[in-house]
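A short write-up of the structure that comes next.
The values are calculated or read from the model by the stated rules, or taken from the named source; none is laboratory data. Please read all numbers here as calculations on a predicted model, not as lab measurements. Here the Cβ positions follow ideal geometry from the backbone for every residue, glycine too, while neighbour counts run over all protein chains shown.
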Amino acid sequence: MLNQNQQTMAQTYLFSKQSRDEVYDHETSYCFRLRRGKGWLHLNKKATELIEHDDHFELRLADWYINIGDKFISQTILRQEQCQELQEWYLKTKING
C-alpha cells in the first residue's frame, strides 16, 4: 500500500458545507449527511484529501478507495454513487441559489 503522501488521487468531488456532519466524524473518517432517509457517508481520512473553500468542500479521493478493484466491489460502487449524489446536490443548490 502506498504511503498517504504517495497516493494517486483519482477522483475529485465538490460537496456542500451543509452536508458535512462533524459531530459524527470518527477518528479515522469524515462524515457527510446524505439526503433524508439515506443516512451518512463516512470517508476514510487516509484516502481523502479535504480542502475547504468559502461555500463548499473539495474532496480528492485516492484511486484505491474510489475505483473498482478486486475487493469490496459493492462498497466501492455504493461509495461512488453517494459521492456523485452529494456533488449533484451541491451543484443543483449552487445553480438554484
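For segment 64-97, which residues satisfy the criterion of being aliphatic (A, V, I, L, M) and within 24 Å of Arg20 (Cβ to Cβ)?
Within segment 64-97, the first condition is being aliphatic (A, V, I, L, M), and the residues that meet it are 66, 68, 73, 77-78, 86, 91, 95.
Those that are aliphatic (A, V, I, L, M) and within 24 Å of Arg20 (Cβ to Cβ): Ile66, Ile77, Leu78, Leu86, Leu91, Ile95.
Yes or no: Leu86 at pLDDT 95 or above and assigned to a helix (DSSP H, G or I)? For Leu86, the condition - at pLDDT 95 or above and assigned to a helix (DSSP H, G or I) - is met.
Do we have any residue at all in segment 19-32 that's among the polar types (S, T, N, Q), surrounded by 13 or more Cβ atoms within 10 Å (Cβ to Cβ), over 12 Å from the mean Cα position of the chain (by Cα) and under 20 Å from Lys92 (Cα atoms)? Explain how you work it out, then say what you get.
Applying the first criterion (among the polar types (S, T, N, Q)) to segment 19-32 yields 19, 28-29.
Keeping just the survivors that are surrounded by 13 or more Cβ atoms within 10 Å (Cβ to Cβ) gives 19, 29.
Keeping just the survivors that are over 12 Å from the mean Cα position of the chain (by Cα) gives none.
There is no residue in segment 19-32 that is among the polar types (S, T, N, Q), surrounded by 13 or more Cβ atoms within 10 Å (Cβ to Cβ), over 12 Å from the mean Cα position of the chain (by Cα) and under 20 Å from Lys92 (Cα atoms).
Checking the stated criteria, Asp70 turns out not to satisfy the condition of being among the acidic types (Asp, Glu), modelled with pLDDT of 90 or more and in a loop (DSSP other than H, G, I, E, B).
Every residue in segment 50-69 that is within 21 Å of Lys94 (Cβ to Cβ), touching a strand residue (DSSP E or B) at 6+ places or on another chain (Cβ under 9 Å) and either surrounded by fewer than 16 Cβ atoms within 10 Å (Cβ to Cβ) or of a type in the set (Lys, Arg) (or both), please. Please lay out each step first, then the result.
Of all residues in segment 50-69, those within 21 Å of Lys94 (Cβ to Cβ) come to 50-61.
Narrowing further to those that are touching a strand residue (DSSP E or B) at 6+ places or on another chain (Cβ under 9 Å): 50-53, 55-61.
Those that are within 21 Å of Lys94 (Cβ to Cβ), touching a strand residue (DSSP E or B) at 6+ places or on another chain (Cβ under 9 Å) and either surrounded by fewer than 16 Cβ atoms within 10 Å (Cβ to Cβ) or of a type in the set (Lys, Arg) (or both): Leu50, Ile51, Glu52, His53, Asp55, Glu58, Arg60.
Restricted to segment 39-64, and to residues there that are touching a residue at least 40 places away in the same chain (Cβ under 8 Å) and not in a strand (DSSP E or B), the residue that is nearest to His26 (Cα to Cα) is Lys46.
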